[in-house]
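Some notes on the structure that comes next.
The values are calculated or read from the model by the stated rules, or taken from the named source; none is laboratory data. Being a predicted model, the structure only gives us computed values, none of them experimental. As a convention, Cβ positions derive from the backbone with ideal geometry for all residues, glycine included, and neighbour counts pool all protein chains shown.
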Amino acid sequence: MHGVVFTKLKQFVEETFDSDTWSAILKEAGHEDEMFVPIKIYPDETLGQVAAAAVKLSGIARDDLLRAFGSFLAPHLMEMYGALIPADWRTESLLMNVEETIHRVVRMKNPGAEPPKLEFTRLGSGHLQLDYRSERRMSALAHGIMLGVAEHYGEHVDIRESEISGGVRMLIRISNRAAIAS
Ligand code: HEM
């Protein structure tokens, strides 16, 4: 897993809790004093250990933590890979292009990084379907990233999940925040 996921997880824990909590999580995970760097690729197992320790020490369910972290992570990813994101994209265009444009480049530029296979289908305007399949079982992270992307564009996503073979299907409705408020 790409080092940026670890460096941003550290920032997320420090901002949500504090730096002692991060140190305690690393100790619990068996990675005491590990200094993660964004240019390295770490074994998936390490993320599993750190996530399990974070769940244990925070008492927050894994999916709830992953969702909150995804929401935090989204604007950072969008900034890092800003060169790939045209100015006129909004939530729907970004989601419809994430696999072919963004994750494809991540795979090319970072040998060893394996973003999940995301299959988006456009069901109608502002209505998308995502089939998520990954051995890492981090659909809640995808859910959170989508919340964060919508937030970035001042839009809103309503996401309904159901299980499919080998993964999770999400039905996504995108709306404009201003329209909801009125
Ligand atoms: C600005 C847009 C995005 C960028 C730059 C980006 C980049 C990345 C990177 C670098 C990773 C780590 C991959 C690895 O090390 O194997 C990753 C993983 C992931 N991405 Fe994206 N991503 C973006 C948008 C999205 C969106 C919109 C979704 C969901 C709809 C998504 C879902 C995920 C998930 C769930 C993972 C975790 C790995 C897994 O489940 O197997 N990403 N992404």
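Taking the conditions exactly as written (aromatic (Phe, Trp, Tyr) and without any contact (Cβ under 8 Å) to a residue 60 or more places away in the chain), does Tyr153 satisfy them or not?
Taking the combined requirement at face value, the residue does not satisfy it.
Of all residues in region 11-44, count the ones that are within 16 Å of Leu66 (Cα to Cα), away from the ligand (no atom under 15 Å from the Cβ) and among the charged types (D, E, K, R).
Here the count works out to 2.
Kindly indicate the residue of region 52-82 that is without any contact (Cβ under 8 Å) to a residue 12 or more places away in the chain and part of a helix (DSSP H, G or I) and also surrounded by the most Cβ atoms within 10 Å (Cβ to Cβ) among those meeting that condition.
Looking at residues that are without any contact (Cβ under 8 Å) to a residue 12 or more places away in the chain and part of a helix (DSSP H, G or I), I get Val55.
May I ask you to verify whether Glu100 is under 17 Å from Ser71 (Cα atoms), of a type in the set (D, E, K, R) and part of a helix (DSSP H, G or I)?
For Glu100, the condition - under 17 Å from Ser71 (Cα atoms), of a type in the set (D, E, K, R) and part of a helix (DSSP H, G or I) - is not met.
When residues of region 102-125 are filtered for being more than 9 Å from the ligand (Cβ to nearest atom) and either assigned by TED's automatic domain parsing to the domain that holds Pro43 or surrounded by 17 or more Cβ atoms within 10 Å (Cβ to Cβ) (or both), how many remain?
The total comes to 0.
Would you check which residues across region 83-97 are more than 7 Å from the ligand (Cβ to nearest atom), buried (at least 17 other Cβ atoms within 10 Å of the Cβ) and part of a helix (DSSP H, G or I) and list them?
Thr91, Glu92, Asn97
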